[in-house]
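Beneath this line is the structure, given in structure tokens, with notes to follow.
The values are calculated or read from the model by the stated rules, or taken from the named source; none is laboratory data. All figures in this text were calculated on a predicted structure; none of them were measured in a lab. A quick note on method: Cβ atoms are made from the backbone with ideal geometry, for glycine too, and the neighbour counts reach across all protein chains shown. Surface areas here come from the heavy atoms of the whole protein model, side chains and all, with no ligands, DNA or RNA. Shrake-Rupley method; radii C 1.70, N 1.55, O 1.52, S 1.80 Å.
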Amino acid sequence: MASDTKFDVGVAVIGGGPAGMAIALACIKAGIHVKVFERYPYARPAGNILNLWPPAMHALQCMGVKTDDLGASSSPTTFRNTKGHVRATVRIADDIVEKMLSTIPEGVMEFNQSVQAFEDTGDYVRLTLGNGDVIKAAVVIGADGIDSTVRTHLWGPSARRNHDLHVIGGFTFDIAEGVIPDECVISHDIQYQGTYGPLLSQGRKGLQWWFVESWPDEKPMEDNLKDRAQMLARRFPGPLGELVRGTPEKDVVMWPIRDRVPLKKWSRGRMSLAGDAAHATSPYAAYGAGMSIADGYFIAQSLYNVDLADTGAVRRALERYEGFQLGHTTTMVESAYFIGRLFHHVPFPLNYVRNLVLDWTPMLQRQVGDKNPHEITAQLRLMGKDIIEA
């Protein structure tokens, strides 16, 4: 076990979303004393569409999270035009938050607890909590989202990168048994995306759906999201129209797509970043939560058996963590940004030329069908059979 007797906590995590919980679970498995400080009164998933690829599933299993009934499997995901022509096949063989939270021992997560200030003294990081308490932490990880105060503290302010896109999505379990498509289909017409795929929650099977459209960030949203979704559904064949009609209005949500330009470095001294604080990405990566969970695995792997009193050893451990994740996540963030612009911001008449290229060349297959999955699954080769294995 790493030495942390001179500290109040070995690893202090700011933010209790998927990244923060993953760090906590992984550190517990590695024998590192960890605390998570979350300013909200409960754990909150980021968005409602979470895809778990093999590295994230493997990391969760290593952390002790039961994954046997987590999510819904499907046949390979396909990118199609509105006539059903397959442009690319991704080749790879809301319960997430609940399962992770239920696996974390009592006392690790501190809700309604903000962090007002942090100071890296060299020997430890001094945290001033919202209630006035001051604690000494050997390591601080900012997992506090796209508007991370830890990121700003370490690297200065940076503007959000607005994609001028938004997502309208929802889910429904109110469908007849036996008619749930065992597939995830991502369709595009000349300017919109319409998608559906299987969903599993607490043993119930259902379907999730969403649309992506160009929408200036400053433009107000229409009042009725379901009406907007029904209008978009008419542009696509298949079950989208029925799925939208069967979704209660309360289960239809909208959010703008934003990220930040990737940093060249995450860590400084005894502090680093994880999750959206490090690599906020658009849904076109389909891997935001997965990257966050893998962050937790590699943080604990890098800190395992490190003397936390040794500042140089801690700094090198955080640099090892960066070596596993920074280049990989940067590739995924920039790929998602490029694909979003490709599908939604190519002007007329070049968008028709784009569709011809996507329909009759292997360009999309090479990028989203082969290259991105290869980048993701390569992470498995960096993981051991457990947290503590090199």
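Looking only at the range 194-248, which residues are in a loop (DSSP other than H, G, I, E, B) and closer than 10 Å to Ile168 by Cβ?
Filtering the range 194-248 for residues in a loop (DSSP other than H, G, I, E, B) gives 202-203, 215-224, 234-239, 246-248.
Once the filter is applied, which keeps residues that are in a loop (DSSP other than H, G, I, E, B) and closer than 10 Å to Ile168 by Cβ, the range 194-248 yields Trp215, Met221, Glu222.
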Handout entry: Enumeration of residues in the range 294-315 that are closer than 10 Å to Ala138 by Cα and among the hydrophobic types (A, V, I, L, M, F, W, C)
Key = Leu308, Ala309, Val314
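With at pLDDT 90 or above and farther than 17 Å from Gln301 by Cβ as the only criterion, which of Ala26, Ala30, Ala43, Ala12 stands out?
Values: Ala26 fails: farther than 17 Å from Gln301 by Cβ; Ala30 fails: farther than 17 Å from Gln301 by Cβ; Ala43 fails: at pLDDT 90 or above.
Within the list Ala26, Ala30, Ala43, Ala12, the selection yields Ala12.
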Problem - Only listed residue being modelled with pLDDT under 95, more than 17 Å from the chain's Cα centre (by Cα), open to solvent by less than 20 Å² (accessible area, probe 1.4 Å) and of a type in the set (A, V, I, L, M, F, W, C), chosen from Phe298, Phe343, Phe348 - result: Phe343
Practice task
Mind listing whichever residues of the range 182-202 are over 22 Å from the mean Cα position of the chain (by Cα) and open to solvent by 60 Å² or more (accessible area, probe 1.4 Å)?
Solution key: Asp182, Gln191
Exercise for the section: Please determine, by comparing only the residues of the range 258-276 that are farther than 23 Å from Val167 by Cβ and touching a Lys or Arg at 6+ places or on another chain (Cβ under 9 Å), which one is most open to solvent (accessible area, probe 1.4 Å). Expected result: Arg268
Exercise for the section: Out of the residues in the range 304-339 that are among the small types (Gly, Ala, Ser) and more than 16 Å from His279 (Cα to Cα), state the one that is most open to solvent (accessible area, probe 1.4 Å). Expected result: Ala309
Fill in the blank from the handout: Over the range 136-176, the set of residues assigned to a loop (DSSP other than H, G, I, E, B) and of a type outside the set (D, E, K, R) is Ala143, Gly145, Ile146, Ser148, Gly156, Pro157, Ser158, Ala159, Phe173, Ile175, Ala176
Practice task
Name, by its number, the condition in (1) at negative phi; (2) buried (at least 17 other Cβ atoms within 10 Å of the Cβ) that does not hold for Glu249.
Solution key: (2)
Handout entry: Residues located in the range 112-160, provided they are buried (at least 17 other Cβ atoms within 10 Å of the Cβ), of a type in the set (Ser, Thr, Tyr) and within 23 Å of Asp310 (Cα to Cα)
Key = Tyr124
Practice task
Being open to solvent by 40 Å² or more (accessible area, probe 1.4 Å), in contact with a strand residue (DSSP E or B) (Cβ under 7 Å, 6 or more places away or on another chain) and farther than 30 Å from Leu303 by Cβ narrows it down to one of Phe211, Phe236, Phe171, so name that one.
Solution key: Phe171
